[in-house]
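For reference, the structure is listed below as structure tokens.
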Amino acid sequence: MRILVDADACPVKDEIYKVAWRHEVPVTIVSNQHLRIPAHPLIGRQVVSDGFDAADDWIAEQADRKAIVVTADILLADRCLKAEATVLSPAGKPFTLQSIGAQVATRAIMADLRAGAVGDAIGGPAPFSKADRSRFLSALDEAIIRLRRAS
């Protein structure tokens, strides 16, 4: 088992480290720039090129049924789910095969709306909250326990 993190804009890296240390699960921080990570044998770093979707491509190639992927990217989540990975958003909401189709469609609709919007007519996601952080901690803990039981 391992945790793969789409790390460039991930707001819960510290929480991932804490849960990973408690459960002794290796973590790979994937980014297209050098990010600071704790000096710990369970925490690794994969710096990819700055090419479009390079981090997503690397994560999708590594994803399998023993991986937990943390990402806010709906298209990456879809790719990882198809590889049978467990996928969580930084807000602690799991991506599932049952919900991902609607999420991909909503993403496309919102992109179209933003493309036609003038000024600030269409906002982005809600600000990240303490409740999101707490939900993420619980969801990651539960995902690790569930994968351990399954193997």
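Rule-based calculations on the coordinates, nothing more; no lab input. Fair warning: this is a prediction, and the values are worked out from it, not measured in the lab. All Cβ positions, glycine included, derive from the backbone under ideal geometry; neighbour counts span all protein chains shown.
The table that follows gives values for the structure above.
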| quantity | calculated |
| --- | --- |
| Potential lengthening between Ser151 and Arg65 on full extension [0.36 nm per residue; Cα-Cα distance subtracted] | 30.0 nm |
| Directionally averaged projected area (convex hull, Cα atoms, the range 1-96), nm² | 5.5 nm² |
| Integer Hz, Karplus 6.51/-1.76/1.60 couplings in order for the range 40-52, x for Gly and Pro | 8, x, 8, 10, x, 10, 10, 9, 9, 5, 8, x, 4 |
| Low-density loop cleavage sites - chymotrypsin sites (Phe, Trp or Tyr not before Pro) in the range 1-88, where at most 14 other Cβ are within 10 Å (DSSP) | Phe52 |
| Ile59, Ile37, Ile144 arranged by Cβ crowding within 10 Å, fewest neighbours leading | Ile37, Ile144, Ile59 |
| Potential lengthening between Gln98 and Glu142 on full extension [0.36 nm per residue; Cα-Cα distance subtracted] | 13.9 nm |
